[in-house]
Amino acid sequence: MRFSNIDKKIFIFTTFILFYVVQFSQIIAQNNKEDKQTLNRLAKESSPYLLQHKNNPVDWYPWGPEAFNKAIELDRPIFLSIGYSTCHWCHVMEKESFEDEAVAKILNENFISIKVDREERPEIDHLYMTVCQAMTGRGGWPLTIIMTPKKEPFFAGTYFPKQGRRGRPGMMQLLPSITQAWEREREDLVKSANQINKYLIESNKKELGDELENSILTDTYSQFVNRYDENNGGFGGKPKFPSPHNLIYLLRYYNMTGDQTSLFMVEKTLKEMRLGGIFDHVGFGFHRYSTDKEWLLPHFEKMLYDQAMLALAYTEAFQITNDTFYKNVVEEILYYVQRDMTSERGGFYSAEDADSEGEEGLFYLWTEKELKNKLSTEDSKLLIKTFNIESNGNYIDEASGKKTNKNILYLKSPNTNDENRINKILNNLYEIREERIHPLKDDKILTDWNGLMIAAFAKAGDVFQSDGYIKQAENSAQFILKNLTDENGRLLKRYRNGKSGIDSHLDDYAFFIWGLLELYETTFKTIYLSEAIRLSEIMVAEFWDSETGAFFLGSNNSEKLIVRAKTGYDGAIPSGNSVAAMNFVKLNRITGDIKWGEISDKIFMTFSKDINATPSAFAFMLNAFLFDSNEPKEIVIVGSGKDSNTKLAIEKIKSIYIPSKVIIFKDTDDPLNKLSSLAKWTSTQETIDSKTTFYVCKDFACKIPTTDLNLAIKFINE
């Protein structure tokens, strides 16, 4: 058949139109599909973790009245799932169950499902994790709780696969059985929930105990000695967490007693961690913990709080030993944070995921073949030898327990030969790795974790005399004060995409005040001391338990839960009560206001029974007690901030490692004398003969003032 020119044009035009109609229809269908996928309520949230689940077929609710009212209306139990954005097993459970239509159908028809970001709502997480640990003997994330519409739990667990395996029930078996029990055996479930409620109430009761004895400091040290891993450093078996607050305690115990074992344990641990796979040798920063006892195989997520606390521990190790190894590690950690974890406005992001492309650790692992292809022959040989690369791989998959063909870089001893060349190879490897698909970055900015990072940058800036580090700490502090306070000056919890929100918790106040106090002693800018005092007043007014002492996790205005939780033991990071105790010990010494010392004493007494039972679980709180027990000193320097001799004197005094001290600088160039209004006891301390003058005091009883720096240092060392 032949076509005329007109027929050809009509045919081409019709084909053209049909093509675009089909394309347009596919686009509409895809958009409709995406719209359907994003119908669940989490799409309106700010939390990266909740947003990860916005496309799930599960009809998720965020924590709030809407969910609980709906549960009451429909008479359904609540399925509560708590996790965080960089949690590997949270991703696994989502892929297996929450993205599965069959599981979603059971949840949607029989439960009200709630998702919670543990990093945004630590009080809720703490409460239900306590339930899980009590019911099962263990905890972790994802945390799975099933409870009544009144928030009363009757079932708890962690990760559940879709189908049961290896003795672990699966979601497809668990959910129907609980649904059946809710319908037929509700009285038993309610009875169980009531028993759990009673346990929570009883276990959360605290009362003032006896004052701590100084012997508790040695008892704590002894517990660490008994748990110490002589071969690999660290404490206990696998998994092994860095827990840098424990190392800081041992450093300060060494400073007080001169006990060489405590220093040895810290140095061995810090060096083994830096050599192991828990440290990212290519891009710097530490992974969250080691799945083995050798620090080789990490859980790959990187948490901001770990970087902060480890930087503080390595900084103090440098102060004691003057070993530049520790300084270099601090610089690596802080370089990583500045490069990858810092927003343009100054706040610090929360974490980086363990997974990329659906596989844990993929971003960080290498095959021998890949290294040989990517690097020159000589460079690949040196890298393979130095970092223990194996042709069959050295990385063992945690889930299967099997060796893969992939490798994680680790060292058996510090680099001493070819260090410059190896660093160049690693820089090249970093650029190669940058081309990979990156793990998710949790870019929410949390007040509490920023407080820890401010403390770390301020401390490092002071010890290493780095204006850049100090500026970084100040930028973050200013960001928090501008963006994470409400109209009444109270702290908020989370900032993301230009929005601030969520009620603050104890840790937000305690950790941020810690950062402000470190900034004050670094810069002597009274604005930081003033803000630390102001926020401390709010913290006492809204979180303090006037009946039995210590601080609640939530404020007076927080949502009412089964119990108002109060805790003092340290986990991966110090507890809010531990840090508050240290803050108030220091505020007492800086301001001379005895009320701060009385508060810290009551914190010690509130937890004294628990501390005496397991002192090593309260290491940071005992750091505060050690501060107050080890002849603490108040050092006041009066002089001109513009005078070079004054500046040199301050640097000299700061270089002395005495953790149980506060340094106060009274600047004679300040016409408003702001310090005296914040620390009234310094109002009578003036210069002698217009020279820089030193007042060295112990419990506010001061030695004779002197203009002789050497004599002042002698007083300090007495």
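What follows draws every value from the coordinates through simple rules; no lab data is involved. Quick caveat: nothing in here was measured; it's all calculated off a predicted structure. Here the Cβ positions follow ideal geometry from the backbone for every residue, glycine too, while neighbour counts run over all protein chains shown.
Selection among His281, Ser343, Leu175 by position relative to the dipole of the chain gives Leu175 as farthest towards the positive end (Cβ unit charges, Cα centre).
For the chain, adding -39500 (n - 2.57) for each run of n ≥ 4 DSSP H residues and dividing by the number of residues yields -16000 deg cm²/dmol at 222 nm. Computing semi-axes √(5λ) of the Cα gyration tensor in Å directly from the structure and comparing it against (1) 60, 29, 23; (2) 48, 33, 27; (3) 39, 30, 26 singles out (2). Rounded to the nearest 20, the Cβ-based charge dipole of the stretch 449-567 about its Cα centre (Lys and Arg +1, Asp and Glu -1) stands at 380 debye. Holding the Cα-Cα limit at 20 Å, pick out from Lys198/Lys560; Lys302/Lys412; Lys595/Lys680 the pairs that are longer than that. Going by Cα-Cα distance, Lys302/Lys412 fall outside the 20 Å limit.
Which links in Lys54/Lys105; Lys115/Lys191; Lys525/Lys703; Lys271/Lys459 stretch past 19 Å when you go from one Cα to the other?
Violating the 19 Å Cα-Cα cut-off are Lys115/Lys191; Lys525/Lys703; Lys271/Lys459.
Applying both filters, DSSP loop and at most 10 other Cβ atoms within 10 Å, to the trypsin sites (Lys or Arg not before Pro) of the stretch 578-687 gives Lys642. Under the criterion of Cα pairs below 8 Å and six or more residues apart, the relative contact order for the stretch 41-203 equals 23 percent. Rounded to the nearest 20, the size of the Cβ-charge dipole of the stretch 70-142 about its Cα centre is 200 debye, with Lys and Arg at +1 and Asp and Glu at -1. When the charge dipole of the stretch 466-582 is built from unit charges on Cβ atoms (+1 for Lys and Arg, -1 for Asp and Glu) and taken about the Cα centre, the candidate among Ser546, Ala477, Gly501 whose Cα reaches farthest toward its positive end is Gly501.
For the chain, taking a cut-off of 4.7 Å between Cβ atoms, the unpaired cysteines are Cys132.
Taking the longest Cα principal axis of the chain as reference, the axis of helix 506-523 is set at about 50 degrees. The GluC sites (Glu not before Pro) of the stretch 160-211 that meet both conditions, a loop assignment by DSSP and at most 15 other Cβ atoms within 10 Å of the site Cβ, are Glu185, Glu207, Glu211.
Which pairs, out of Lys471/Lys691; Lys482/Lys642; Lys406/Lys493; Lys95/Lys206, put more than 31 Å between their alpha-carbon atoms? Going by Cα-Cα distance, Lys406/Lys493; Lys95/Lys206 fall outside the 31 Å limit. Couplings for the stretch 265-281, taken from phi via the Karplus curve 6.51 cos²θ - 1.76 cosθ + 1.60 with θ = phi - 60°, read 4, 5, 4, 4, 5, 4, 6, 5, 5, 5, 6, x, x, 5, 9, 7, 6 Hz in order; Gly and Pro are left as x.
Comparing Cα centroids, the stretch 68-115 and the stretch 140-161 end up 10 angstrom apart. In straight-distance terms, cross-link reach from Lys602 covers every one of the aspartates and glutamates whose alpha-carbon lies under 15 Å from its own, apart from those fewer than eight places away in the same chain; here that gives Glu207, Asp210, Glu211, Glu213, Asp545, Glu547, Asp610, Asp628. With contacts taken as Cα pairs under 8 Å and at least 6 residues apart, the stretch 633-717 reaches a relative contact order of 37 percent. Are there trypsin sites (Lys or Arg not before Pro) in the stretch 307-399 that DSSP marks as loop and that have at most 14 other Cβ atoms within 10 Å, and which are they? Within the stretch 307-399, the qualifying trypsin sites (Lys or Arg not before Pro) (loop, at most 14 other Cβ atoms within 10 Å) are Arg345.
Per residue, the average separation of C-alpha pairs within less than 8 Å and at least 6 apart gives the chain a relative contact order of 10 percent. Taking the charge dipole of the chain about its Cα centre, with +1 at Lys and Arg Cβ atoms and -1 at Asp and Glu Cβ atoms, the residue from Ala317, Pro153, Pro574 reaching farthest to the positive side is Pro153.
Out of every Cα-Cα pair in the stretch 354-433, what percent are more than 17 Å apart?
47
Computed over the stretch 283-353, the alpha-carbon pair-distance distribution with 5 angstrom bins reads 3, 17, 23, 22, 19, 10, 4, 1, each value a whole percent.
Exposed loop positions in the chain were taken to be chymotrypsin sites (Phe, Trp or Tyr not before Pro) whose DSSP state is not H, G, I, E or B and which have at most 14 other beta-carbon atoms within 10 angstrom. Between these positions, the longest stretch is 4-699. Annotation: aspartates and glutamates with alpha-carbon distance below 12 angstrom to Lys424 (same-chain offsets under eight excluded): Asp379.
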